[in-house]
Structure formats: structure tokens, C-alpha cells
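The values are calculated or read from the model by the stated rules, or taken from the named source; none is laboratory data. As the structure is a prediction and not an experimental result, all values here were calculated from the model. Virtual Cβ from ideal backbone geometry, glycine too; neighbours counted across all protein chains shown.
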Amino acid sequence: MKYENAGKRRVVVADDEEGNRLFLTFVLEQEGWEVSEARDGKEALEKVLKLRPDLLILDYQMPKLTGGEVYQHLQLHEIKLEVVLISSYTELEKLALSLGIVYYLNKPFEITDFLKTINSAYERLLC
């Protein structure tokens, strides 16, 4: 079975913009998620390795390590979790697909789209 955290939905929100992190944390907590925040790519990688969340909300353009670099490190460590890549990067779809990331959202995004995307990613984890 792929899924190990039965009953607990845990997520790391990695974004260097504090306002984005706080807003996404608020929304996710309202939806029943246990949320940890990361301010940069290095902290995101450390938190994922330590906490083993179900889901990673990953900004692409961050200091210390980009979202792409974080994802590549996770792949090297064979860490299996669902990732939602978020960015204002103009070719985000192409970037996400080149990394092998299925879920992505262009900033700014509607909260309904965000919730639909994270729920789809979480459901995929359960399969």
C-alpha cells in the first residue's frame, strides 16, 4: 500500500512569499490538513525529509533551491509524495511535465482550483 499516514493529511507549503504561505496555510487548515511551512527550497527539502508529508505545495522560484531542484532531490532520495507545483512562471505546464510533476497551478489562481487540484493529488496518493 502506497499510503502510510491513514487518518492524517499532512502537507508542506513551500513558498518564499510569506503572504502566499500564510494564505495557503489558512485555507488548508480549514480543510483539515496538518500544515508545515517552508520559506525556501532548502527548508522545504529538510521538512519533507523529516516530516514525510502526503503532499508538497511547491513554489518554483525560491531562494537556496528552486522548486525543480527540490523535486529532483526528492526523486534521488526516492521520496514518494504528491507535489503541486505553483508559480507565475509563464511556461509552467511545460516545466512541470519536464520534471514529471502531474499537478501544477499558475499564480494567481482561484481557491476553488487550488482545492480541486490538491484533492485530486491526494486521491492519487490513495490509489
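Data for the structure
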read-out	value
Number of the condition not met by Phe23 [criteria: (1) more than 12 Å from the chain's Cα centre (by Cα); (2) closer than 19 Å to Tyr103 by Cβ; (3) surrounded by 16 or more Cβ atoms within 10 Å (Cβ to Cβ); (4) at pLDDT 95 or above]	(3)
Only listed residue being surrounded by 15 or more Cβ atoms within 10 Å (Cβ to Cβ) and modelled with pLDDT under 95, chosen from Leu97, Leu125, Leu85, Leu105	Leu125
Residue within the range 48-63 that is without any contact (Cβ under 8 Å) to a residue 12 or more places away in the chain, of a type in the set (Lys, Arg) and out of contact with any strand residue (DSSP E or B) (no Cβ under 6 Å at 6 or more places or on another chain) present	yes
Count of residues meeting criterion [surrounded by fewer than 23 Cβ atoms within 10 Å (Cβ to Cβ) and under 11 Å from the mean Cα position of the chain (by Cα)] in the range 37-53	1
Test set (1) in contact (Cβ under 8 Å) with a residue 60 or more places away in the chain; (2) under 15 Å from Thr117 (Cα atoms) - Lys80 fails condition number	(2)
Whichever residue in the range 89-127 is among the hydroxyl-bearing types (Ser, Thr, Tyr) and over 15 Å from the mean Cα position of the chain (by Cα) and, among such residues, is farthest from Lys50 (Cα to Cα)	Thr90
Candidate set: the range 28-38, residues that are touching a residue at least 24 places away in the same chain (Cβ under 8 Å), out of contact with any helix residue (DSSP H, G or I) (no Cβ under 6 Å at 6 or more places or on another chain) and not aromatic (Phe, Trp, Tyr); chosen: the one farthest from Leu65 (Cα to Cα)	Glu31
Meets criteria (over 26 Å from Glu93 (Cβ atoms), out of contact with any Gly (no Cβ under 7 Å at 6 or more places or on another chain) and modelled with pLDDT of 95 or more) for Glu43	yes
Residues that are out of contact with any helix residue (DSSP H, G or I) (no Cβ under 8 Å at 6 or more places or on another chain) and over 15 Å from Asn20 (Cβ atoms), drawn from the range 103-112	Thr112
Any pair with Cβ under 7 angstrom, 6 or more apart, that starts in the range 104-119 at a residue that is over 13 Å from Trp33 (Cβ atoms) and ends at one that is surrounded by fewer than 12 Cβ atoms within 10 Å (Cβ to Cβ) and of a type in the set (D, E, K, R)	Leu105/Asp113
Flag if Ser36 is at pLDDT below 95 and not hydrophobic (A, V, I, L, M, F, W, C)	no
